[in-house]
Amino acid sequence: QVQLVESGGGLVQPGGSLRLSCAASGIIFSLYAMGWYRQAPGKQRELVAAITSGGTTNYLDSVKGRFTISRDNAKNTVYLQMNRLKPEDPAVYYCSSRHVKNDYWGQGTQVTVAS
């Protein structure tokens, strides 16, 4: 059974930082491209950051220079380091994994930015 379990969300002040983690099980993690998506109320889900099995990364323009995606294949975990959080960043953040036709999602973790 495939599981993606996110953690690390919470409440942070503007300008603060959070580190999200996504622990995967049931897949050969090193083969999978991993991504972080987010969905704010009333908005479509959007790709925030992604990392290929080879380590190539890409980012949503609005988070470039502030967020960093990384992976630890030994721990079957992908991370999203979020710095200088802004009022437009709050959302439920979802972890995803993709390889060929296999596509899996986590349950999401809430990120709130407020003073």
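Read-outs throughout are calculated quantities, based only on the coordinates presented, and are distinct from any laboratory measurement. What you are looking at is a predicted structure, and each value in this text was computed from that prediction instead of being measured. Using ideal geometry, Cβ is built from the backbone for each residue, glycine included, and neighbour counts are taken over all protein chains shown.
Normalised by the residues of the chain, what does the relative contact order come to in percent, with Cα pairs under 8 Å and at least six apart?
Normalised by residue count, the contact order of the chain is 36 percent.
In nm, to one decimal, how far is the modelled label at GLN13 from the one at GLN1, with both set 7 Å along Cα→Cβ?
Between GLN13 and GLN1, the label points sit 4.2 nm apart.
Could you grab the relative contact order for the stretch 47-115? Cα pairs under 8 Å, six or more apart, rounded to a whole percent.
Reported relative contact order: 20 percent.
Give the lysines reachable from LYS64 as a straight Cα distance under 19 Å; neighbours fewer than 8 places away on the same chain don't count.
LYS86
When each pair of different Cα atoms in the chain is counted once in the 1/r mean, what is the Kirkwood radius in angstroms, to one decimal?
After inverting the mean inverse Cα-Cα distance, the result is 14.0 Å.
What's the local net charge at GLY65, with K and R +1, D and E -1, over the other residues with C-beta under 14 Å away?
Summing Lys and Arg as +1 and Asp and Glu as -1 gives +2.
Hey, rough spin-label estimate for LYS64 and GLU46, points 7 angstrom out along Cα→Cβ, what's it come to in nanometres?
Spacing of the two 7 Å Cα→Cβ label points: 1.4 nm.
Tell me the label-point distance for the pair HIS99, THR56, using the 7 Å Cα-to-Cβ offset, in nm and rounded to one decimal.
1.8
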